[in-house]
Amino acid sequence: MSDPAVQPHDRSLPAEAILEVIPDPLLLVRAIETGRREIVYGNAAARALFRIDLEGAPLEAALRQPQVLEAIEAARSTGGPEDVLFESIGAQPRFWRAFVRPLGRGDELVLVLRDETDARRTERMRADFLANASHELRTPLASLAGFVETLRTHAREDPQARDRFLAIMAEQAARMARLIDDLLSLSRIELNEHIAPDGVVDLLRAVDDVADAVRPLTAERGIRIEVSAPEGSLGAVGDRDQIVQVVQNLIDNAVKYSPRGGVVRVSLSRVEGVGAARAASREGAVALSLLTPDAGADQPYVVGRIADEGPGMARQHLPRLSERFYRVEGQTSGGTGLGLAIVKHVVNRHRGGLMVESAEGQGTTLTVYLPAAL
Ligand code: ATP
Ligand code: MG
């Protein structure tokens, strides 16, 4: 009994026209004699990929990866399907999966190539992220476990050492909590990154609130936060909590990396267009855009610049600043390295932009711009 679902159609199908429009490269290959194969047909996607005259060409003119040739050999001898992964055709390395399907008795085979580069890249990023996050959590955990052990043994009868160790343990536990908060916050932001916010946030209010909250801490180190803003509206289209989070992270960094007695200058403005928003503001510094909005180049933006007198950063660090867990070597900040990653994702959700200007020994300016509210 035959399954009605696999009954052949009784009308004839335009087979070649169908093959032509399949988005994956597809080749029909024929064995001429042992070890020699020629391409009988390549669809439009295959011609675009290989850029050679495929018809009648030896297979090796298009594909010479040994894995692929072996899979073809295997498919031919077993008469069954073979799938194989291989790397790179062309200038940019890419990852492909080749599906080899013998036709009939196996003198002819169909080869379909699927580009899995993006999937591989996503998978790699996921694996890296997990490895990094675990590593970052393990470090304070190992320290906690070490002190527990010390308190149970050597420091048992030593009240002074005990107090010291407990203070360190509290600090490590707080660090783990911060890390987890930041990770959760990042994942929440990513979840709704594709949904544009719709509130209106006054950037000056957000900056004032954050600055007021950190002033007691900055006063201890003699650091001043100066805020300057023009008259008139500095309303941005945005989610208030997230904008405050951005401002908080940028001011935190500026304060953290400021020398004693340094000044952190926050200047706000409203400009027309992306070009004006990312105008350079620091002479002799390297400027690099970490995020540029892909639309709305001519619309008005509300701009916040946060400039510090800290150590600055060498050029090679700048492109990586907003990567998760990235920290400039030698700067022992105790931070998690997630702050600027959070900033970037929030700003991206807001269809805004982010720029860094820095020069070693001369300080850093971070500029964030958000679409202005009408
Ligand atoms: P977190 O903000 O998560 O507590 P963090 O401050 O180390 O930790 P980010 O805010 O993402 O992480 O910053 C990444 C790195 O960039 C920092 O570790 C620091 O090395 C460098 N950096 C950021 N801002 C400045 C700045 N204003 N001056 C000098 N270096 C900076
Ligand atoms: Mg930070």
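When we screen Glu283, Glu329, Glu357 for residues that are in the same structural domain as Val246 (by TED's automatic domain parsing), within 12 Å of ligand 1 (Cβ to nearest atom) and in a loop (DSSP other than H, G, I, E, B), the only hit is Glu329.
Take Leu268 and decide whether it is within 26 Å of Arg126 (Cβ to Cβ) and not in a loop (DSSP other than H, G, I, E, B). The answer is no for Leu268. Selection of segment 224-255 for residues being of a type in the set (D, E, K, R) and either surrounded by 18 or more Cβ atoms within 10 Å (Cβ to Cβ) or without any contact (Cβ under 8 Å) to a residue 60 or more places away in the chain (or both) yields Arg224, Glu226, Glu231, Asp239, Arg240, Asp241.
The condition of being in the same structural domain as Gly352 (by TED's automatic domain parsing), within 16 Å of ligand 2 (Cβ to nearest atom) and either in contact with a Cys (Cβ under 9 Å, 6 or more places away or on another chain) or closer than 23 Å to Ala196 by Cβ (or both) holds for only one of Val255, Val210, Val244, that being Val244.
Only one entry of Ala174, Ala170, Ala155 meets the criterion of being among the aliphatic types (A, V, I, L, M) and surrounded by 13 or more Cβ atoms within 10 Å (Cβ to Cβ), and that entry is Ala155. Select from segment 330-374 the residues that are more than 11 Å from ligand 2 (Cβ to nearest atom), under 23 Å from Gly284 (Cβ atoms) and surrounded by fewer than 21 Cβ atoms within 10 Å (Cβ to Cβ) and write down the one among them that is modelled with the lowest pLDDT. Across segment 330-374, the extreme among qualifying residues is Gly330.
Inside segment 304-324, can you point out the residues that are under 30 Å from Asp202 (Cα atoms), within 10 Å of ligand 1 (Cβ to nearest atom) and not basic (Lys, Arg)? Across segment 304-324, the qualifying residues are Ile306, Ala307, Asp308, Glu309, Gly310, Gly312, Leu318, Leu321, Ser322, Glu323.
The values are calculated or read from the model by the stated rules, or taken from the named source; none is laboratory data. Treat the numbers as computed from the prediction; the structure is a model and nothing was measured. Positions of Cβ are backbone-derived with ideal geometry, glycine not excepted, and every protein chain shown enters the neighbour counts.
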